[in-house]
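Asker: Input: one structure, supplied below.
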Amino acid sequence: MSRRRTLGTKKKIALLVSAATVAGGGAFVMASTSNAAQAPKSAAESAVCQGLATALGNNQKFIADQRANPDAQSEARIANREAVVAEIKRKQEASGCVVGESAQDSQATQPAQSAQPAQPAQPAQSAPAANPGGGAAASGQQVCNGSTVTLSGEDGAPAASSNQFPAGTKLKVTNLDNDKSTTVEVTSVSGSCVLLNNAAFEQVREPGKFLIRRAVIEKVG
């Protein structure tokens, strides 16, 4: 009888230890899941990642267009943009974004932009904005309504690239979120209405952001 009781007690202890182990493992899994769920990107981080994804998508589209319709300069342009793509991917990694994630400007962001109720009043707001990029200060013909603006990743003096306006066209880009504007000349072709190179984008960007959601784009001169 005593032997049976002893074995019974040992079995109970073993069962209790097993239950505690399972419960502990479950708690660990739940805690890990909870921690993962509680670590979403902040709004600022999401904006950075979206801006980089848009810039990457625009450059990838430009490369694809050049390969589909090559000319004498396509090889050089593609090599330049491939270097830009590599730099954007490095920025994605450094910013904690998904490396290689891309989004086309017109597809990823334009629907949200069109929902802005204050859009019709934007031309009047852009007139008093600062103009650190130089050039014409007066408002011109507003173009590319609803478009967002990001960077091409190219170096050099402030300039822009566009798929709608030929080289030599002057465009004024105003960021309504900080009332900064720049007037730059189109110098190359891209896959978007307007992409600013690094120097031009720095003149109108908000710190840490790679996308201008509320932008007014005007053709001037």
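Asker: Note down the net charge around Gly221, summing +1 for each Lys or Arg and -1 for each Asp or Glu among other residues with Cβ under 14 Å from its Cβ.
Answerer: With Lys, Arg at +1 and Asp, Glu at -1, the net is +1.
Asker: Given the whole protein assembly as supplied and a 1.4 Å probe, what does the accessible area of Glu82 come to in Å², nearest 10?
Answerer: 90 Å²
Asker: For the range 158-191 and the range 46-94, write down the distance between their C-alpha centroids in whole Å.
Answerer: So the separation of the two Cα centres works out to 18 Å.
Asker: Cα-based Rg of the range 148-221 per 2.2 N^0.38 Å, rounded to two decimals?
Answerer: Against the empirical 2.2 N^0.38 Å value, I get 0.95 for the range 148-221.
The values are calculated or read from the model by the stated rules, or taken from the named source; none is laboratory data. Please read these numbers as outputs of a predicted model, since none were measured by experiment. A quick note on method: Cβ atoms are made from the backbone with ideal geometry, for glycine too, and the neighbour counts reach across all protein chains shown. These accessible areas exclude ligands, DNA and RNA; they are computed on the full protein's heavy atoms, side chains included. Shrake-Rupley method; radii C 1.70, N 1.55, O 1.52, S 1.80 Å.
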